[in-house]
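A.B. asks: Encoded as structure tokens, here's the structure I'll be asking about.
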Ligand code: ATP
Ligand code: MG
């Protein structure tokens, strides 16, 4: 028995109503906010993620699925969507389009992580990116979009946490303060964080190690180190969120896992899905496009983990649409009736009616059992006599009521069934 690779999962038909609801809601709300869909390759040059996501991040250092193709190129399965979208904009000359440019995507991503509830090695994201505005109004717009999607999915009990991590002009000063603070406590840090102390001390605040978390409580706060433009940006964003009636808390410990973030970072946290509780993470990445070879172009976006959304929807008892049950089940008796039933069923489908007929060769009794099992609303038994007279018995499976109907007039049948 060959098993699926560790950290991957099959999405079975019974789960699909959740996926459909999320995808439909994402498309609908994105459209309401003027975001258009973009599709990008599943793999990219490794260099894109090294530069775009950042060499010092966990994602690049430990989590990428990187391989060499037959021509010796280093390629990587996308661990996230933003870098690929940014690359696509530059490559397709879209950076000089009318701004803002608003895009969304629904993609699978790949990260070599320790699989657990809400964390897998292949996972799915709904993400949006807004380019060409550095105004806090853009930040407020994408946060409002995320908020609308979450609430339309029937997910309650989430908390929006926001923070600002500054910009290239004020962050070095903050890095210095962090280095000083952690250098004094270096022996208490985990080995990874001792490395981070040299390369990117901000990442220490994101560490999941118990001792590091404890130590971080006393660390200098990024909000105390913001330059005045960054502080102003953050204040204005909070004002816009207040005005939009979007509740939030400021959490100075949110730094996000990826390097390209500047200023605003935010997460939506669910209180109902266990330890992997971040259902949406996002932030501003004003340096990204330049970083990967494009012009100066600010951007802000977020990504939601679809499996975590589903866990939250289930915990909240969100309603999803059940798969369609057939309006009619046709039970043919004999060869002639089989042919007739196939034709009748096809005609009904053409008229937009979902009908099933036996294609297994079951006995009448087990056909009726099967019709009941698949939730058919009506059944129709067809034998030679019915075909000769053109009339058959239609049985309402809920009430048991039976009536005689003409079977040659599809239109009349359609009216009866709908
Ligand atoms: P986390 O702190 O949970 O590792 P992250 O900062 O690595 O999250 P992002 O890169 O911002 O996550 O991805 C956005 C969202 O995608 C996350 O908030 C989460 O919902 C989802 N996500 C990230 N990694 C995984 C994974 N391995 N499995 C399932 N969902 C994931
Ligand atoms: Mg992660």
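A.B. asks: Go over the candidates 183, 138 one by one and state the one that is in contact (Cβ under 8 Å) with a residue 60 or more places away in the chain and either surrounded by fewer than 14 Cβ atoms within 10 Å (Cβ to Cβ) or more than 16 Å from ligand 1 (Cβ to nearest atom) (or both).
C.D. replies: Step by step, each of 183, 138 is checked, and only 138 is in contact (Cβ under 8 Å) with a residue 60 or more places away in the chain and either surrounded by fewer than 14 Cβ atoms within 10 Å (Cβ to Cβ) or more than 16 Å from ligand 1 (Cβ to nearest atom) (or both).
A.B. asks: Going by the structure shown, is residue 23 within 16 Å of ligand 1 (Cβ to nearest atom), at pLDDT 95 or above, in a loop (DSSP other than H, G, I, E, B) and under 14 Å from the mean Cα position of the chain (by Cα)?
C.D. replies: Spelling it out, it is not the case that residue 23 is within 16 Å of ligand 1 (Cβ to nearest atom), at pLDDT 95 or above, in a loop (DSSP other than H, G, I, E, B) and under 14 Å from the mean Cα position of the chain (by Cα).
A.B. asks: Does at least one position in the range 256-268 carry a residue that is part of a loop (DSSP other than H, G, I, E, B), in contact (Cβ under 8 Å) with a residue 24 or more places away in the chain, touching a helix residue (DSSP H, G or I) at 6+ places or on another chain (Cβ under 9 Å) and more than 13 Å from ligand 1 (Cβ to nearest atom)?
C.D. replies: no
A.B. asks: Would you pick out the residues in the range 151-184 that are in contact with a strand residue (DSSP E or B) (Cβ under 6 Å, 6 or more places away or on another chain) and outside any loop (DSSP other than H, G, I, E, B)?
C.D. replies: 158, 159, 160, 161, 162, 163, 164 - these are the residues of the range 151-184 that are in contact with a strand residue (DSSP E or B) (Cβ under 6 Å, 6 or more places away or on another chain) and outside any loop (DSSP other than H, G, I, E, B).
A.B. asks: Among the listed residues 55, 97, identify the single one that is in contact (Cβ under 8 Å) with a residue 40 or more places away in the chain, surrounded by fewer than 17 Cβ atoms within 10 Å (Cβ to Cβ) and over 24 Å from the mean Cα position of the chain (by Cα).
C.D. replies: Matching residue, one of 55, 97: 55.
A.B. asks: Would you mind stating whether residue 76 is at pLDDT 95 or above, assigned by TED's automatic domain parsing to the domain that holds residue 34 and more than 16 Å from ligand 1 (Cβ to nearest atom)?
C.D. replies: Spelling it out, it is not the case that residue 76 is at pLDDT 95 or above, assigned by TED's automatic domain parsing to the domain that holds residue 34 and more than 16 Å from ligand 1 (Cβ to nearest atom).
Yes or no, residue by residue, for (1) surrounded by fewer than 22 Cβ atoms within 10 Å (Cβ to Cβ); (2) away from ligand 1 (no atom under 12 Å from the Cβ); (3) touching a residue at least 24 places away in the same chain (Cβ under 8 Å); (4) within 29 Å of residue 182 (Cβ to Cβ):
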residue: 230; (1), (2), (3), (4): no, yes, yes, yes
residue: 233; (1), (2), (3), (4): no, yes, yes, yes
residue: 243; (1), (2), (3), (4): yes, yes, no, no
residue: 249; (1), (2), (3), (4): yes, yes, yes, yes
residue: 252; (1), (2), (3), (4): yes, yes, yes, yes
residue: 290; (1), (2), (3), (4): yes, yes, no, no
residue: 298; (1), (2), (3), (4): no, yes, yes, no
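A.B. asks: Here's a follow-up. Identify, by number, the condition in (1) within 11 Å of ligand 1 (Cβ to nearest atom); (2) out of contact with any strand residue (DSSP E or B) (no Cβ under 9 Å at 6 or more places or on another chain) that residue 71 doesn't meet.
C.D. replies: All conditions pass for residue 71, except number (1).
Every residue, every condition in (1) surrounded by fewer than 19 Cβ atoms within 10 Å (Cβ to Cβ); (2) over 19 Å from residue 325 (Cα atoms), yes or no:
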| position | (1), (2) |
| --- | --- |
| 341 | no, no |
| 355 | no, no |
| 366 | yes, no |
| 379 | no, no |
| 396 | yes, no |
| 400 | yes, no |
| 404 | yes, yes |
| 408 | yes, yes |
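A.B. asks: Here are some conditions: (1) within 14 Å of ligand 1 (Cβ to nearest atom); (2) in a loop (DSSP other than H, G, I, E, B); (3) without any contact (Cβ under 8 Å) to a residue 60 or more places away in the chain. Residue 281 meets all but one. Which one does it not meet?
C.D. replies: Unmet for residue 281, out of (1) within 14 Å of ligand 1 (Cβ to nearest atom); (2) in a loop (DSSP other than H, G, I, E, B); (3) without any contact (Cβ under 8 Å) to a residue 60 or more places away in the chain: (2).
A.B. asks: Next up: Between a first residue in the range 23-44 that is more than 19 Å from residue 154 (Cβ to Cβ) and a second residue that is assigned to a loop (DSSP other than H, G, I, E, B), which pairs have beta carbons less than 8 Å apart while being 6 or more apart in sequence or on different chains?
C.D. replies: 40/78; 40/81; 41/78; 42/78; 43/78; 44/78
A.B. asks: While we're looking at this one, here's another question. Quick check, is residue 81 touching a strand residue (DSSP E or B) at 6+ places or on another chain (Cβ under 6 Å), within 16 Å of ligand 2 (Cβ to nearest atom), within 27 Å of residue 135 (Cα to Cα) and assigned by TED's automatic domain parsing to the domain that holds residue 151?
C.D. replies: yes
A.B. asks: From the list 189, 178, 205, which one is buried (at least 20 other Cβ atoms within 10 Å of the Cβ), over 18 Å from residue 256 (Cβ atoms) and in contact with a helix residue (DSSP H, G or I) (Cβ under 7 Å, 6 or more places away or on another chain)?
C.D. replies: 189
The values are calculated or read from the model by the stated rules, or taken from the named source; none is laboratory data. This one's a predicted model, so the numbers in the text were calculated from it and none came from an experiment. Neighbour counts are summed over all protein chains in view; Cβ atoms, including those assigned to glycine, are modelled from backbone coordinates with ideal geometry.
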